[in-house]
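**Q** I'd like to ask some things about the structure below.
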Amino acid sequence: MVQARLMPDPNLIPLPSSIKKLPGEFDTQLITDIVLKNNSKGEKNCAKLFQGYLKPIGDISISSMKETQENQLIIEMDTSSQIDTEGYSLLIGKDNAIYLIASAASGLFYGFQTFRQLCDMSLENGIKPEKTTIPNCEIRDAPRFSYRGMHLDVSRHFFDVSFIKTYIDMIAFHKMNVFHWHLTDDNGWRIEIKKYPGLTDKSAWRVDRTHEPWKGWSPIKPNESPTYGGFYTQDEIKEVVKYASKRNITVIPEIEMPGHTSEVFAAYPALSCNKNIVPVNPGSYWPNVDIFCAGNDDVFTFLENILGEIIELFPGDYIHIGGDEAEKIYWKTCPLCQKRISEEGLKDEHELQSWFIKRIEKFIIKNNKKMIGWDEILEGGLASSATVMSWRGVNGGIESARGGHDVIMCPTSHCYFDHYQAAPEFSPKAFGGYTTLKKVYSFDPIPEELSKNEAKYILGGQGNLWTEYVQTPGRAQYRVLPRMTALSEVLWAGSGSYTFENFYYRLVEIEKRFDQLGWNYAPGSFTVSIQPEFKPTGKGFYINLTSEKPDKIIRFTTNGRDPTRDSTAFLRPIMINQTTTIKAALFIDKEQAGLISEKTIFAHKALGKKVKYNNMYKKRYAGTGDTTLVDGISGTTVYNDGFWQGWESSDLDVIIDLEKVDQLNKISIGFLESHDSWIFLPTQVSFSFSNDGISFELGQKINVKDGKKNSEPNRYLVEAFELKTQARYVKVKAKNQRICPEWHAGSGEKTWLFCDEIVIE
């Protein structure tokens with residue numbers, strides 16, 4: 001449906017807390033000089049930013065005169081001000097001058113970023129614009145969250161210092177303040193450690209498999225030399241940290257432990273449980289069982305020496321130690337690890353991991369730093385002062401906040417930018433998942449389950465870019481932009497502050513600025529979303545069509561033909577009363593944009609009927625809500641496409657009320673199998689029937705065999721034929737496998753069960 005365009009004025013992202021537009025405009029060409037109110041270092045640094053940015057318009061001097069007058073740009077850092085540390089006031093046109101006021105240098109920097117977006121975008125290229133005026137306005141602004149971060153994995157693919165600086169510039173432009181640098185992982189060690197030169201001599205390099213799919217790498221051949229990789233010298237690290245600091249960005253280094261460490265054993269095999277030399281992984285293989293030996297004290301000497309050098313290089317408060325996906329197979333059989341479990345009075349290998357993390361935490365605290373880890377560090381007991389980065393959904397964050405621990409939210413559902421952002425058929429290869437721009441914009445870092453007191457432990461959120469399928473700087477930019485832009489507004493202004501449509505219209509203008517800066521970005525999703533819409537009882541079943549381009553026309557058909565420029569324009573929900581195939585596409589300037597979306601809505605006896613959930617699905621995988629299993633629409637092979645419901649380590653157990661006794665001949669139910677996402681088929685599915693909804697009689701029980709190990713995602717149909725029964729109520733149960741098998745990367749972890757549609761005929 002084409003929406004009325006409400007263009008914000010002025011056009012800014014993230015949109016400030018308060019904007020008051022004033023009559024008239026201010027001509028930046030008339031600025032005579034930049035005045036430093038207190039001549040502080042923060043004011044001087046900010047003045048240089050303005051001076052450099054406005055240079056194409058004219059040379060502007062910087063002075064510290066006390067008296068101010070017209071056509072001046074006055075910068076004031078007042079430490080006694082009540083303005084938030086990262087907040088600012090930008091007054092344009094007041095007394096025919098510009099005033100930027102803040103209580104800290106960070107606020108001045110963000111005020112400059114806002115000013116920058118008010119100016120003509122040609123200044124980004126150092127070109128004098130034809131239009132030098134900016135709107136008169138009063139802007140008062142401060143962020144909602146103190147932690148606004150972006151992550152970059154440089155282990156899978158190495159990115160040079162030049163791009164790292166560009167990435168930092170992108171973070172700064174969006175008023176984000178943390179760069180999470182994932183420096184070590186199975187596929188390469190990326191930082192110079194002077195005490196252990198083997199880490200850069202051997203662990204930083206792998207055989208080149210860039211010509212092969214990440215998950216389809218070929219084994220290392222005898223005498224094959226590792227040539228692909230790289231690392232940052234300590235001087236380069238210092239250079240990056242300094243560069244980030246000037247842009248109000250803290251760099252947080254991540255050194256993985258105890259798992260995701262196999263690259264270390266290419267140089268120092270004695271630190272593993274089996275002490276074998278392990279070539280650096282050229283691609284992806286699972287499970288990666290090589291791990292630091294928790295029973296070997298030399299491991300902790302090694303890690304403390306490394307962290308000692310890391311602490312000297314990174315002046316920020318935090319050190320990230322990973323802690324995720326630690327495969328414990330070798331710990332179970334390692335004599336030293338089992339001895340450690342016994343001596344420390346630990347229950348199992350999970351508690352051994354907790355003990356490992358807590359020992360590292362003591363060292364970090366001793367050196368006046370704070371520890372961050374992925375949410376797996378909760379397992380076996382959380383270290384006392386640890387900050388949890390919640391990525392496997394929001395539950396880890398909720399648990400941590402309720403325990404009084406600081407939390408950074410980055411769930412895969414909203415914050416993983418290695419996922420597809422448009423239809424996979426229309427996009428470069430991605431790791432998997434489906435996280436649209438609109439989905440990112442809907443993200444709220446504070447779960448509704450938390451009380452106001454618990455919510456204060458949510459520091460903010462972060463976008464994560466894992467680089468299995470990101471080999472170049474251009475592809476990295478493509479993955480994060482414009483999703484970073486959406487996340488920046490969520491973290492600055494707060495979720496729900498503005499409509500997606502409002503954001504979209506501003507984004508269109510901001511992307512033109514990206515063009516000037518030479519930043520690559522995804523055009524967004526041109527996919528038309530086909531969603532069910534149930535009206536109150538007796539009013540029928542409808543289909544709604546939406547897109548991320550709210551001002552563009554959607555055209556559709558119901559006769560099996562592809563839509564054209566002459567097909568019916570979508571204006572209101574489409575009523576469905578029989579099995580119907582809808583094809584829809586977006587049209588821009590009368591030409592089709594993107595691929596044709598197609599969904600068959602199956603009319604069956606359970607369509608739109610009431611479903612009782614004896615076990616509730618997880619909220620983050622709710623599909624279309626309580627009607628997901630009877631909305632006539634099947635899911636794709638992408639688990640978060642919006643048509644699947646998910647149960648974590650629990651069973652599907654539902655009762656469908658057909659509203660009357662009816663003849664039932666066949667039932668089919670769709671399940672997703674996606675091992676890479678911890679999603680397994682059920683072990684058993686049963687169908688029972690009742691006329692009163694109380695007493696049920698078992699009709700059929702079907703055993704299900706899981707597919708090929710680590711197979712590609714697929715939709716699996718379980719069918720019950722020749723039921724020949726009459727019933728009003730149908731109970732469907734599907735048993736979750738519950739625990740990942742030993743061969744899986746998540747061995748011992750909880751499994752997911754995903755279901756999309758129950759068809760009753």
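**Q** Looking at the range 379-395, which of its residues are buried (at least 24 other Cβ atoms within 10 Å of the Cβ) and without any contact (Cβ under 8 Å) to a residue 24 or more places away in the chain?
**A** V388, S390
**Q** Among (1) touching an Asp or Glu at 6+ places or on another chain (Cβ under 9 Å); (2) crowded, with 21+ Cβ neighbours inside 10 Å; (3) aromatic (F, W, Y), where does F500 come up short?
**A** F500 satisfies all of (1) touching an Asp or Glu at 6+ places or on another chain (Cβ under 9 Å); (2) crowded, with 21+ Cβ neighbours inside 10 Å; (3) aromatic (F, W, Y) except (2).
**Q** Within the range 571-585, does at least one residue satisfy the condition of being closer than 30 Å to D169 by Cα, touching a Phe, Trp or Tyr at 6+ places or on another chain (Cβ under 8 Å) and surrounded by 16 or more Cβ atoms within 10 Å (Cβ to Cβ)? Explain how you work it out, then say what you get.
**A** The initial filter retains those residues of the range 571-585 that are closer than 30 Å to D169 by Cα, namely none.
There is no residue in the range 571-585 that is closer than 30 Å to D169 by Cα, touching a Phe, Trp or Tyr at 6+ places or on another chain (Cβ under 8 Å) and surrounded by 16 or more Cβ atoms within 10 Å (Cβ to Cβ).
**Q** Cβ contacts < 7 Å: first residue under 14 Å from Y434 (Cβ atoms), restricted to the range 511-529; second residue acidic (D, E) and not in a helix (DSSP H, G or I), any location; separation 6+ or different chain. Result?
**A** Once the first residue is under 14 Å from Y434 (Cβ atoms) and sits in the range 511-529, its partners that are acidic (D, E) and not in a helix (DSSP H, G or I) give G524/E548; S525/E548.
**Q** Another question about this same structure. In the range 336-352, which residues are at pLDDT 95 or above and under 27 Å from the mean Cα position of the chain (by Cα)?
**A** Result: no residue meets the conditions.
**Q** Can you name every one of the strands (runs of 3 or more DSSP E) wholly within the range 652-761 that holds 3 or more residues which are under 36 Å from the mean Cα position of the chain (by Cα)?
**A** Filter on the range 652-761 gives 652-664, 667-673, 714-720, 725-735, 752-760.
**Q** Here is a further query. Among (1) out of contact with any Cys (no Cβ under 9 Å at 6 or more places or on another chain); (2) closer than 28 Å to V661 by Cα; (3) assigned by TED's automatic domain parsing to the domain that holds F671; (4) not in a loop (DSSP other than H, G, I, E, B), there is one condition G625 misses while meeting the rest; what is its number?
**A** (4)
**Q** Here's another thing I want to ask about it. E376 passes all but one of (1) among the charged types (D, E, K, R); (2) without any contact (Cβ under 8 Å) to a residue 24 or more places away in the chain; (3) surrounded by 21 or more Cβ atoms within 10 Å (Cβ to Cβ); which number fails?
**A** (2)
**Q** Something else now. If you go through the range 177-191 one residue at a time, do you hit one that is in a helix (DSSP H, G or I) and touching a residue at least 24 places away in the same chain (Cβ under 8 Å)?
**A** Narrowing the range 177-191 to residues in a helix (DSSP H, G or I): none.
No: zero hits.
**Q** Pairs needed: first member in the range 664-684, in contact (Cβ under 8 Å) with a residue 12 or more places away in the chain; second member anywhere, buried (at least 20 other Cβ atoms within 10 Å of the Cβ) and of a type in the set (D, E, K, R); C-beta distance under 7 Å; at least 6 residues apart or different chains.
**A** If the second residue must be buried (at least 20 other Cβ atoms within 10 Å of the Cβ) and of a type in the set (D, E, K, R), the pairs left are G670/D756; G670/E757; I679/E673; F680/E673; L681/E673.
**Q** Then there's this: Out of K328, K332, which single residue is surrounded by fewer than 17 Cβ atoms within 10 Å (Cβ to Cβ), under 19 Å from I377 (Cα atoms) and not small (G, A, S)? Spell out the reasoning first.
**A** Values: K328 fails: surrounded by fewer than 17 Cβ atoms within 10 Å (Cβ to Cβ).
After ruling out the rest, the residue left standing is K332.
**Q** Test Y498 against the criterion of being touching a strand residue (DSSP E or B) at 6+ places or on another chain (Cβ under 6 Å) and either among the aromatic types (F, W, Y) or farther than 24 Å from V407 by Cα (or both), and give yes or no. Break it down into steps so the answer makes sense when it comes.
**A** On the way: touching a strand residue (DSSP E or B) at 6+ places or on another chain (Cβ under 6 Å): no; either among the aromatic types (F, W, Y) or farther than 24 Å from V407 by Cα (or both): yes.
So Y498 fails the test.
**Q** Taking the range 122-159 as the region of interest, how many residues are part of a loop (DSSP other than H, G, I, E, B), among the charged types (D, E, K, R) and crowded, with 20+ Cβ neighbours inside 10 Å? Step through it out loud before you land on a result.
**A** To start, the set of residues in the range 122-159 that are part of a loop (DSSP other than H, G, I, E, B) comprises 126-132, 142-146, 154-159.
Now drop any that are not among the charged types (D, E, K, R), which leaves 128, 130-131, 144, 156.
Restricting the remaining residues to those that are crowded, with 20+ Cβ neighbours inside 10 Å gives 156.
Within the range 122-159, residues that are part of a loop (DSSP other than H, G, I, E, B), among the charged types (D, E, K, R) and crowded, with 20+ Cβ neighbours inside 10 Å number 1.
**Q** Taking only the range 206-254 into account, find how many residues are over 19 Å from L465 (Cβ atoms), of a type in the set (V, I, T) and surrounded by 14 or more Cβ atoms within 10 Å (Cβ to Cβ).
**A** Residues in the range 206-254 being over 19 Å from L465 (Cβ atoms), of a type in the set (V, I, T) and surrounded by 14 or more Cβ atoms within 10 Å (Cβ to Cβ): 4 in total.
**Q** Confirm whether I255 is free of Cβ contacts under 8 Å to residues at least 60 places away in the same chain, under 30 Å from C337 (Cβ atoms) and among the β-branched types (V, I, T).
**A** Details: free of Cβ contacts under 8 Å to residues at least 60 places away in the same chain: no; under 30 Å from C337 (Cβ atoms): yes; among the β-branched types (V, I, T): yes.
In short, no.
**Q** Let me ask you something else. Test each condition in (1) touching a Cys at 6+ places or on another chain (Cβ under 8 Å); (2) outside any strand (DSSP E or B); (3) of a type in the set (G, A, S) for G635 and report the one that comes out false.
**A** (1)
**Q** If you take the residues in the range 79-122 that are in contact (Cβ under 8 Å) with a residue 24 or more places away in the chain and β-branched (V, I, T), which one is nearest to N45 (Cα to Cα)? Outline the logic, then answer.
**A** Narrowing the range 79-122 to residues in contact (Cβ under 8 Å) with a residue 24 or more places away in the chain: 79, 83-84, 86-119, 121-122.
This time we only want the ones that are β-branched (V, I, T), so: 79, 83, 92, 98, 101, 114.
On the way: T79: 16, I83: 19, I92: 20, I98: 17, I101: 14, T114: 16 Å.
Restricting to residues being in contact (Cβ under 8 Å) with a residue 24 or more places away in the chain and β-branched (V, I, T), the top hit is I101.
**Q** Is at least one residue of the range 515-536 surrounded by fewer than 17 Cβ atoms within 10 Å (Cβ to Cβ) and more than 24 Å from V440 (Cβ to Cβ)?
**A** yes
**Q** Among the numbered conditions (1) out of contact with any strand residue (DSSP E or B) (no Cβ under 7 Å at 6 or more places or on another chain); (2) over 26 Å from K708 (Cα atoms), tell me where K660 comes up short.
**A** For K660, the failing item is (1).
**Q** Within the range 63-109, track down each residue that is assigned to a strand (DSSP E or B), within 24 Å of N248 (Cα to Cα) and among the polar types (S, T, N, Q). Before the answer, list the steps.
**A** Looking only at the range 63-109, we keep the residues that are assigned to a strand (DSSP E or B), and these are 63, 72-77, 88-94, 97-102.
Pick out the ones that are also within 24 Å of N248 (Cα to Cα) and you get 63, 73-77, 88-92, 98-102.
Matches in the range 63-109: S63, S89.
**Q** Here is a follow-up. Looking for whichever is small (G, A, S) and not in a loop (DSSP other than H, G, I, E, B) here; the options are A486, A522. Which one fits? Write out each step before concluding.
**A** Numbers: A522 fails: not in a loop (DSSP other than H, G, I, E, B).
Of A486, A522, the one residue that is small (G, A, S) and not in a loop (DSSP other than H, G, I, E, B) is A486.
**Q** Determine which single condition V299 fails, assuming it passes every other condition in (1) touching a residue at least 60 places away in the same chain (Cβ under 8 Å); (2) under 35 Å from the mean Cα position of the chain (by Cα).
**A** Of (1) touching a residue at least 60 places away in the same chain (Cβ under 8 Å); (2) under 35 Å from the mean Cα position of the chain (by Cα), only one is false for V299: (1).
**Q** Suppose the filter is at positive phi and at pLDDT below 95; does N125 pass it?
**A** Against the criterion (at positive phi and at pLDDT below 95), N125 does not qualify.
The values are calculated or read from the model by the stated rules, or taken from the named source; none is laboratory data. As the structure is a prediction and not an experimental result, all values here were calculated from the model. Here the Cβ is made from the backbone with ideal geometry for all residues, glycine too, and neighbour counts use every protein chain on show.
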